[in-house]
1. Would you call residue 233 in a loop (DSSP other than H, G, I, E, B) and surrounded by 22 or more Cβ atoms within 10 Å (Cβ to Cβ)?
2. Does the stretch 168-178 include one or more residues that are charged (D, E, K, R), part of a loop (DSSP other than H, G, I, E, B) and either farther than 23 Å from residue 86 by Cβ or over 27 Å from the mean Cα position of the chain (by Cα) (or both)?
3. Could you grab me the full set of residues in the stretch 194-213 that are surrounded by 16 or more Cβ atoms within 10 Å (Cβ to Cβ) and touching a Gly at 6+ places or on another chain (Cβ under 9 Å)?
4. Which is over 24 Å from residue 249 (Cα atoms) and among the basic types (Lys, Arg), of 104, 160, 193?
5. Would you be able to tell me the number of residues in the stretch 179-209 that are part of a loop (DSSP other than H, G, I, E, B), more than 32 Å from the chain's Cα centre (by Cα) and among the charged types (D, E, K, R)?
6. Kindly provide the set of residues from the stretch 236-254 that are aliphatic (A, V, I, L, M) and not in a loop (DSSP other than H, G, I, E, B), ordered by number.
7. May I ask you to list the residues in the stretch 128-144 that are surrounded by fewer than 18 Cβ atoms within 10 Å (Cβ to Cβ) and touching a residue at least 40 places away in the same chain (Cβ under 8 Å)?
8. Name the single residue that is farthest from the chain's Cα centre (by Cα) among those in the stretch 210-225 being farther than 21 Å from residue 253 by Cβ and assigned to a strand (DSSP E or B).
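Just so you know, all these numbers are worked out from the coordinates, no wet-lab data involved. Since the structure is predicted, the reported quantities are computational estimates derived from the model, not experimental observations. Neighbour counts run over all protein chains shown; Cβ positions are idealised from the backbone, glycine included.
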Amino acid sequence: MSEQEIREGMLLAVWDEPPLDFDPDTLIRRVEQKKSRRRALVAVGVATAMIAVVSLSLPGLLPREDNAQLATESPSSASAAPTESPERRAQRLGDGLVAGLRARMPSTKDSYASFGPGRSGMSLPYETKPPRWKEGDTEFSGFVYFSDEIGPTALRVSVRKESFSSELFCSGADTCQQLWKNNGSFVYGAEFRYNDPQVQQVGVLRSFDSGLVVEITAYAHNPSNGNGQRQTVPVGVAVLTQLVTDPGVVWETG
């Protein structure tokens, strides 16, 4: 038997046997070191996972900068609407009158409102541009245009600041009286025939304690151009009174 065969046989014989220099204490220490190292790795992994969870939770718990800024804003400043311009106010009131007229006279069509600043509400014949609205304008006038079964016509509308005079408003009228009074305002209505058997002009005027005056007038012709002569007015005092007192049309603000 060769030396190589003897060595291989010895290795096979002692394969499952501990080496001759085997030390049980050394083995136990290595086992304990591995167990300690494993526990340390587990502890580090758990700590890392907890840090990750907390870091994900903090953004939801802590107030964001934009949320903090919103929290400092008062509810009144956040919900405050921009100041209404005089032109926008006039258009809003005109739209309200148009809606009220359609509701009370469903046969009307092609209705819309057009107003300008001041008591004339229109540019003079020699002016190439209509008058411009200015900040603080409180007076405006113009027309509510519409068509009925007879043809196109309009209502004259004037909103101004002045002291009400019943003598001046009723001057020349065949009938004139107070028709309505409520919440610091009252309404007068007048009819004018001008020696004609049919009513040729009707008007209502609403005066507020603040000095605001709203006047709506209907004629037996189209007041916007003087055309379209009729036998009588297209809208009576009753409808005009309903328009000027419509709760959906807020004449005074603030």
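1. The answer is yes for residue 233.
2. The answer is yes; a qualifying residue exists.
3. Matches in the stretch 194-213: 199, 202, 203, 204, 205, 208.
4. 193
5. Matching residues across the stretch 179-209 total 2.
6. Correct list: 237, 238, 239, 240, 243, 244.
7. Listed by number, the residues that qualify are 134, 135, 136, 137, 138.
8. 219
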